[in-house]
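As structure tokens, the structure follows; a few thoughts come after it.
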Amino acid sequence: MDYKIEEMTCEDWDGVAQIYLDGINTGKATFQTEIPNWDDWSNGHIKTCRLVACLGNKILGWCALSPTSSRCVYAGVAEVSLYIGEEYRGKGIGKALLKNLVDLTEENGFWTLQSGIIKENTESIELHKRCGFREIGRREKVGKMSSGKWHDVVLMERRSNKVGID
């Protein structure tokens with residue numbers, strides 16, 4: 001598949017939102033229950049390091065960063081969001097996006113990337129491990145789905161070997 005990885009723009013939102021909805025519908029990708037509008041989503045994410053994988057005008061997957069804290073000492077720490085469209089999972093797109101994101105974050109001064117992944121999302125946990133993340137802990141029964149089922153979250157982290165090493 002000859003897709004490209006590009007910077008996400010507001011024009012990509014419809015495709016990004018559809019993939020986000022695919023993730024919500026899995027019941028193991030996010031505790032989010034509905035898709036925000038572009039402005040709300042954009043305001044909650046860091047303005048740099050937003051990527052989409054696309055084939056022509058079709059968005060196949062996306063990734064972005066959220067701040068972990070407003071305190072200046074955490075300026076180089078961010079939380080990763082990564083979503084792949086249902087029909088494109090298992091084709092290497094997630095790995096390509098995450099590797100590109102890691103490179104872009106280091107170019108932008110990020111030294112630590114974090115992910116909180118619902119324990120049942122084993123594919124995502126393994127993908128993060130293949131891209132240099134390690135499990136640093138678990139939060140037990142931290143999120144309750146609308147079905148009433150509690151879920152644990154696996155905490156993962158990737159430390160840069162280029163930024164913040166002094």
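Throughout, read-outs are computed from the coordinates displayed, never taken from laboratory work. In this text, all values refer to a predicted model and were calculated from it rather than measured experimentally. All Cβ positions, glycine included, derive from the backbone under ideal geometry; neighbour counts span all protein chains shown.
Determine whether the range 107-115 contains at least one residue that is farther than 23 Å from ALA17 by Cβ, β-branched (Val, Ile, Thr) and part of a strand (DSSP E or B).
Yes, there is a match, as at least one residue in the range 107-115 is farther than 23 Å from ALA17 by Cβ, β-branched (Val, Ile, Thr) and part of a strand (DSSP E or B).
GLU86 - would you say it is crowded, with 17+ Cβ neighbours inside 10 Å, acidic (Asp, Glu) and farther than 27 Å from LYS141 by Cβ?
No.
Among the residues of the range 1-30, those identified as loosely packed, with under 15 Cβ neighbours inside 10 Å and either in contact with a strand residue (DSSP E or B) (Cβ under 6 Å, 6 or more places away or on another chain) or among the charged types (D, E, K, R) (or both) are ASP2, LYS4, GLU6, GLU7, GLU11, ASP14. Checking each residue in the range 69-107 for being under 21 Å from ASN121 (Cβ atoms), of a type in the set (D, E, K, R) and without any contact (Cβ under 8 Å) to a residue 60 or more places away in the chain picks out GLU79, GLU87, ARG89, LYS95, LYS99. Scanning the range 36-53 for residues that are within 13 Å of TYR83 (Cα to Cα) and either part of a strand (DSSP E or B) or out of contact with any strand residue (DSSP E or B) (no Cβ under 9 Å at 6 or more places or on another chain) (or both) yields LEU51, VAL52, ALA53. When the test is whether a residue is within 23 Å of TYR20 (Cα to Cα) and in contact with a helix residue (DSSP H, G or I) (Cβ under 8 Å, 6 or more places away or on another chain), HIS151 does not pass it.
Looking for something surrounded by fewer than 18 Cβ atoms within 10 Å (Cβ to Cβ), touching a His at 6+ places or on another chain (Cβ under 9 Å) and in a loop (DSSP other than H, G, I, E, B) - is there at least one such residue anywhere in the range 133-141? The answer is no, given that none of the residues of the range 133-141 is surrounded by fewer than 18 Cβ atoms within 10 Å (Cβ to Cβ), touching a His at 6+ places or on another chain (Cβ under 9 Å) and in a loop (DSSP other than H, G, I, E, B).
Conditions tested, residue by residue: (1) over 26 Å from SER146 (Cβ atoms); (2) out of contact with any helix residue (DSSP H, G or I) (no Cβ under 6 Å at 6 or more places or on another chain).
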residue	(1), (2)
ASP14	no, yes
ALA17	no, yes
THR26	no, yes
THR30	no, no
TRP41	no, yes
LYS58	yes, yes
GLU87	no, yes
